[in-house]
1. Using the Cβ atoms and a cut-off under 15 Å, what net charge is assigned to the surroundings of Ala48, where Lys and Arg are +1 and Asp and Glu are -1?
2. Could you work out how far helix 3-13 tilts from the main Cα principal axis of the chain, as a 0 to 90 degree angle to the nearest 10?
3. How far is helix 79-104 tilted off the main Cα axis of the chain, in degrees rounded to 10, range 0 to 90?
4. Mind checking the angle between helix 48-60 and the chain's longest principal axis? C-alpha axes, 0 to 90 degrees, to the nearest 10.
5. Averaging sequence separations of C-alpha pairs under 8 Å and six or more residues apart, then dividing by the length of the chain, give the relative contact order as a whole percent.
6. With r defined as the distance between the Cβ atoms of Thr78 and Asp44 and R0 fixed at 35 Å, what FRET efficiency is calculated, to the nearest 0.05?
7. Run the helix sum for the chain: -39,500 (n - 2.57) per DSSP H stretch of 4+ residues, divided by residue count, reported at 222 nm to the nearest 500 deg cm²/dmol.
Amino acid sequence: MTNDLEHLLNLAKRKLSVAVLTALHEGPLRYSKLHHAVSQASPDVVHARTLTDTLAYLRAHDLVEHHQGDDGADYRLTHGGVELLDLLGEIDRWSREHRASGERT
């Protein structure tokens, strides 16, 4: 397996990364709204520090950007974040399809 593919799989395994990307898929969110959305999607308590660390990780990998506008700051997906979320959606679809076909055998 290539290092790039391993990197992608490690990213997908990070606890909140996929939840953050999914929450931002509908559009930019301020930190408090993002925290609420991710908390609603998680069975565990999402601590602010954990979300902040996840956002820093996603920003460092150019998947999320912190945008400062006249009316405040928000987080939004970069082009790479949108592409990754689309790819993860395809992987999820593939997984469900193959899990279903494996259950029939």
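Read-outs throughout are calculated quantities, based only on the coordinates presented, and are distinct from any laboratory measurement. Every value quoted in this text rests on a predicted model; they were computed, and no experiment measured them. Cβ placement follows ideal geometry from the backbone for every residue including glycine, while neighbour counts extend to all protein chains displayed.
1. So the environment of Ala48 carries a net charge of +2.
2. Value to nearest ten degrees: 70.
3. 30 degrees
4. It works out to around 80 degrees.
5. Values: 81 pairs, mean separation 26.6, N = 105.
Normalised by residue count, the contact order of the chain is 25 percent.
6. That pair, Thr78 with Asp44, gives E of 0.85.
7. -21000 deg cm²/dmol
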